[in-house]
Amino acid sequence: SFGMMHTDSNQHVNSLVYPQLFEEACLRRFRAHDLPTSVLARTMEIGYRKPCFAGQDVSIALRAFRVGDAVSVVGGFYDAKELTRSGLASTKPNAYVRMAF
């Protein structure tokens, strides 16, 4: 859930919040799969489709993969209500993210 602390003066979630939350979700995924969590994101690409707002519940869907020794993650921020109603295959994310460690 996004709170007022995550937003700008228009109550849009600040663009700096997404990378931090995504990286935290990646670390949780790494821990669940016994991957090292003492890593630092080296590159990140993010595309914003539509803003998130204070009070909005989102889900982060992600998939980790390896390219050689490097681990990367792709995923998105999905409106939780829309995701529940339509499912992952039919829901477009508010923001797309790709992060490499």
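The values are calculated or read from the model by the stated rules, or taken from the named source; none is laboratory data. Here the structure is a predicted model, which is why all the values come from computation and not from measurement. All Cβ positions, glycine included, derive from the backbone under ideal geometry; neighbour counts span all protein chains shown. Only protein heavy atoms, including side chains, enter the accessible area calculation; ligands, DNA and RNA are left aside. Shrake-Rupley method; radii C 1.70, N 1.55, O 1.52, S 1.80 Å.
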* **Residue satisfying all of: in region 56-71; modelled with pLDDT of 95 or more and out of contact with any helix residue (DSSP H, G or I) (no Cβ under 7 Å at 6 or more places or on another chain); farthest from SER90 (Cα to Cα) among these** => GLN56
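Taking the conditions exactly as written (open to solvent by less than 40 Å² (accessible area, probe 1.4 Å) and in contact (Cβ under 8 Å) with a residue 40 or more places away in the chain), does ALA41 satisfy them or not?
Taking the combined requirement at face value, the residue satisfies it.
Filter region 46-66 down to residues that are over 23 Å from GLN11 (Cα atoms) and touching a residue at least 24 places away in the same chain (Cβ under 8 Å) and give me whichever is farthest from the chain's Cα centre (by Cα).
Let us first name the residues in region 46-66 that are over 23 Å from GLN11 (Cα atoms), namely 61-66.
Imposing the further condition that a residue be touching a residue at least 24 places away in the same chain (Cβ under 8 Å) reduces the set to 61-62, 64.
Values: ALA61: 7, LEU62: 7, ALA64: 12 Å.
This residue is ALA64.
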* Could you tell me whether any residue of region 86-98 is closer than 16 Å to HIS6 by Cα and either among the acidic types (Asp, Glu) or assigned to a loop (DSSP other than H, G, I, E, B) (or both)? => yes
